[in-house]
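Okay, so here's the structure we're looking at.
Where a number appears in this text, it was derived from the coordinates with a stated rule and is not lab data. Since the structure is predicted, the reported quantities are computational estimates derived from the model, not experimental observations. Counting neighbours? That spans all protein chains shown, and the Cβs are built from the backbone with ideal geometry, glycine included.
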Amino acid sequence: MTDTHVTKRPMTLLGLGDMGTALARTWLAAGHPLTVWNRTAAKAEALASEGARVAASPAEAVGASDLIVLCLLDDASIGAVLDAADLTGKDLVNLTTGTPAEGRARAAWAEARGARFLDAGIMATPAMIGAPGAGAYVFYSGSRPLFEAHRGTLEVPAAARFVGEDPGHAALHDVALLSAMYGLFAGISHAYALIEGEDIAPKDLAPLLSEWLGAMGFFVGNAAERLTSREFTGGVVSNLAMQVAASGTLLRTAAEQGVSPELISPYLDLMRERLESDPAAHAGEDTAGAITLLRRPGRS
Ligand code: FVH
């Protein structure tokens, strides 16, 4: 059986933190018979008044539906909640953030218990869930038949993007995007620290930062093309030798302003390392060439 917009399948949700509660509300609003369970029972009370059935235990919650959705803190909490549950014949969708290895191990764990398994990575905050136009979506990977069977249900709170049958790939996509986000946050934090105490208001720098980061967004596609072709020298607009020289100005400015360079120096160091490893070969390169250093043995 596959989802239809007419038939609303019963489902179970384990975990009613900020994200789980937001998800629950969208499924209830869409008319899904929903059974919920949360370790701290009080968090289920508001949802009960909105139509959710509250289970007294994880086993009872799992027994109530064939589709079980998990939205817990981390992978360890899944084990704590479900290690003793009978998962035979169940479809398990894990919206808990984890690593790729945790996703793969959890898939093997679920399959050994007779369940189909889909791992996921939520690209949204709770406020974006069920909000039209907010851009929320979820990466899914693992059992394609499970994904296709429940796609309509899974798309109620946020758009769904299936990224393959390797159950680790949803987490890998999720963490790749989150890691890029933190790099961006680091650069923005450094920029605001530089102007602190000067006669420049953060609110005046803000639109300039947004505009500049938007213009520099070309690096995303540029790096992808160069990593695919392994061509780091053709068509370079800002070469590595110039960027390494300019990085000295960034570090001296940080020192003049009394700001620690700790958030930006790792990337500047990586560019310098790439250049110094073979100046003749790398001086004219695009900075994307430095990415190749990160996977070297002994670095991680
Ligand atoms: N909130 C966000 O902005 C992000 C957006 C992207 C995705 N993340 C991930 O979503 C998972 C859940 O996040 P959350 O926001 O709901 O998190 P909390 O509000 O902290 O709720 C955590 C729930 O997990 C339960 N829990 C924790 N440990 C255990 C355990 N050992 N046994 C049973 N349940 C456990 C907790 O229960 P309680 O504290 O209420 O009793 C909550 O239900 C998460 O992976 C994010 O990374 C959210």
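Restricted to Cα atoms, segment 11-172 shows a radius of gyration and a Dmax of 14.2, 40 angstrom.
For the residues Ser65, Ser238, Ser141, a GNM of the chain with alpha-carbon springs under 10 Å puts the largest fluctuation on Ser238.
The value of relative contact order for the chain, using C-alpha pairs under 8 Å at least six residues apart, is 13 percent. Computed from Cα positions, the angle between helix 240-256 and the longest principal axis of the chain comes to roughly 90 degrees. Here the chain is assigned +1 on the Cβ of each Lys and Arg and -1 on the Cβ of each Asp and Glu. Its dipole about the Cα centre then comes out at about 720 debye. Between Ala42, Ala280, Ala22, where does the largest GNM mean-square fluctuation fall for the chain, given springs only between Cα atoms within less than 10 Å? For the chain, modelled as a Gaussian network with Cα springs under 10 Å, the answer is Ala280. Roughly how tilted is helix 144-154, in degrees to the nearest 10 and between 0 and 90, from the longest Cα axis of the chain? Computed tilt is about 80 degrees.
Where does segment 235-300 land on Rg(C-alpha)/(2.2 N^0.38 Å)? Present the calculation step by step, with values, prior to reporting the outcome.
Working: Rg = 12.7 Å, N = 66, 2.2 N^0.38 = 10.8 Å.
After normalising by residue count via 2.2 N^0.38 Å, the value is 1.18.
Its convex hull of Cα atoms gives the chain a direction-averaged projected area, equal to a quarter of the hull surface, of 19.7 nm². Taking other C-beta atoms within 10 Å as the exposure proxy, Glu155, Glu50 rank Glu50, Glu155 from fewest upward.
Per residue, how big is the convex hull of segment 70-158 when only Cα atoms are used? Give it in Å³.
Details: hull volume 8.1 nm³, N = 89.
Expressed per residue, the convex hull around the Cα atoms of segment 70-158 is 91 Å³.
If I fit a long axis through the Cα atoms of helix 18-29 and take the longest principal axis of the Cα atoms of the chain, what angle between them do I get, 0 to 90°, rounded to 10? The answer is roughly 50 degrees.
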